[in-house]
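What follows is a single structure, written as structure tokens, with notes after it.
The values are calculated or read from the model by the stated rules, or taken from the named source; none is laboratory data. All figures in this text were calculated on a predicted structure; none of them were measured in a lab. With ideal geometry, Cβ positions are generated from the backbone for all residues, glycine too; neighbour counts draw on all protein chains shown.
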């Protein structure tokens, strides 16, 4: 490669990396306004609308299931005909739904607005994941880690916003997220020229890809992702209730939720880095297996030890987040949008179903009994991970 060609390739890689970080930041804003804030807002919604635990869980269910149903559907559509305008439209719907939910006059209107926000997230995610795929080059695990850590850190910062200002302002404070939406719209608009050019190049590359799909492997992987999601979203949504039951203020519970999700964001980044060097299958198995003892310890420890347990729990439960996206793309190499929708959208959305079930079980048996359930979910996920196909067999097929 001559000097001019090398310089051009270096500029191309730097440009792709800048767009990747822009998409990661947009992912941060999107997930702050959906999976970050909605679970954390449950106590405020519950108080404002005089809800029981089941009704509070339904709010989370609506948020997650709309995103869950939409992401694979939009992913399948855009695998054949990618639509660049999905990025700004999705982020605007996400922001509008959350902002308006702070002024909902009735519970059913609140559910409609939360659902609209979820649909916006479902539109945004497949195209954002496709952008990460096109910017990745050969380091797909690292690229997925960069974009996913934006989303996971957004989830972590959502609960932190409650003690910072939303507890003081109440639900009307969500009106400030109109400004966040405007900023996120400007950010994704700046990515659009690069994204359009990259889609043209990627179309030829996708046509040259050989290899068959592995529906059995993808089904097992999706089940693992769902079990992981039930664990992560269940803990994030009901941890404040656990501490309230112990007589600890909501403000402290939200800070602990932030710690749990921030540890998950760090785990996502580290797991993506390692996935470019070691087996996806064994990284997934190890992350789920190590989660089990810390899930068991969580409701039984107090003080500084609870902080350590919660941090390690969050670190490992989400350390496979980016890995499962790349792993799924290996199983379905020509359906990037569909796989991204399943791994990110459907997996997280299924957590909303789990949240509804968890809310019902909490009403029946109490919050302590439900936290003991979180021991079995990652254990089952680790067992299923042992039956996943290896990367070597996927590449040779």
request  = Could you check, for region 78-96, whether at least one of its residues is at pLDDT 85 or above, over 15 Å from residue 123 (Cα atoms), out of contact with any strand residue (DSSP E or B) (no Cβ under 8 Å at 6 or more places or on another chain) and crowded, with 20+ Cβ neighbours inside 10 Å?
outcome  = no
ask   = Which is on the phi < 0 side of the Ramachandran plot, out of contact with any helix residue (DSSP H, G or I) (no Cβ under 7 Å at 6 or more places or on another chain) and surrounded by fewer than 22 Cβ atoms within 10 Å (Cβ to Cβ), of 380, 305, 386, 297?
value = 305
task = State all residues of region 36-59 that are at pLDDT 80 or above and under 16 Å from the mean Cα position of the chain (by Cα); if no residue qualifies, say none.
result = 37, 38
ask   = Of the conditions (1) surrounded by fewer than 21 Cβ atoms within 10 Å (Cβ to Cβ); (2) assigned to a helix (DSSP H, G or I), residue 51 fails just one. Which one is it?
value = (2)
note = Selection from region 206-221 of residues assigned to a helix (DSSP H, G or I), surrounded by 10 or more Cβ atoms within 10 Å (Cβ to Cβ) and modelled with pLDDT under 70 yields 206
inquiry  = free of Cβ contacts under 8 Å to residues at least 12 places away in the same chain and surrounded by fewer than 24 Cβ atoms within 10 Å (Cβ to Cβ): is that true of residue 373 in this structure?
reply    = no
